[in-house]
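The values are calculated or read from the model by the stated rules, or taken from the named source; none is laboratory data. Computed from a predicted model, the values in this text were never measured in an experiment. Virtual Cβ from ideal backbone geometry, glycine too; neighbours counted across all protein chains shown. When the accessible area is computed, the model is the full protein with side chains, heavy atoms only, and any ligands, DNA or RNA have been set aside. Shrake-Rupley method; radii C 1.70, N 1.55, O 1.52, S 1.80 Å.
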Amino acid sequence: MIIPAAAGQFQLISPGAKAAFAYDPRTGRQLWRVDYDDFSVAPRPVHQDDIVYLVTGITHPELWAIRTGATGNLTYSDSVLWRLKSRVAKTVSPLLVDGLIYMVSDDGIINCIEAATGKPVWQKRAGGAIAASPIYAGGRIYLCDQEGQTTVLEPGRRYTLLASNQLDDGCMASPAVADGAIFIRTKSHLYRIEEAITKQ
């Protein structure tokens, strides 16, 4: 993932086994690294301002908030702002909306977390097991579980369920949006869903 980082420099963020790295995408030069004790990172990092939020691996996954302005080997004391050690997804990417991180664990528990502090805001079950990452579109958060249920939430400091819809088969792939429509691929079909507009 390429992000705009401190002092106007772009950084390519690459989580890997035992460490995450940042590179200058123009030259390949390593800018910084931060070490952790895990491997097989699947979730995609997210970022806001000069902070990147990434999952450390699959065995004992943690969510770390890392300040991107420093160089060299980063330490917990100066650049790792906080670590979340519970209910962190092994495969599902976090979602960052308006200063809040939505982290969905593999068993379908949504954790809403303050991005600035790592403190929990609320926690709620969203359905069954989840492999698809949540998306944010049209002011709503969409979660698709492995049983075919799509949960639609209003982002914010209170859990607000807007809708719950069921498709025939379960979802493993993350949904996508384009041209006012949401595309959901289940185990057997590809759906395009959008609001019908009646011409007067």
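Assorted remarks:
- Within the chain, the cysteines lacking any other cysteine Cβ closer than 4.7 Å to their own Cβ are 112.
- For segment 109-191, averaging the sequence separation of C-alpha pairs within contact (under 8 Å, six or more residues apart) and dividing by the residue count gives a relative contact order of 21 percent.
- Long-range HN-HN contacts of residue 62 with modeled amide H, under 5 Å: 56, 57
- For the chain, the carbon plus sulfur part of the accessible surface works out to 49%, probe radius 1.4 Å.
- Whole-angstrom Cα spans of segment 1-70 along principal axes, big to small: 35, 22, 18
- Listed peptides 26-32, 56-62, 110-116, 67-73 appear in the order 110-116, 56-62, 67-73, 26-32 once ranked by packing, highest mean of other Cβ atoms within 10 Å at the front.
- Solvent-accessible area per residue for the chain (1.4 angstrom probe, square angstrom): 52
- Among 149, 123, 166, the largest mean-square fluctuation in a Gaussian network model of the chain, built with springs joining Cα atoms closer than 10 Å, belongs to 166.
- The chain: Lys pairs at Cα distance under 21 angstrom, eight or more positions apart or on different chains: 7
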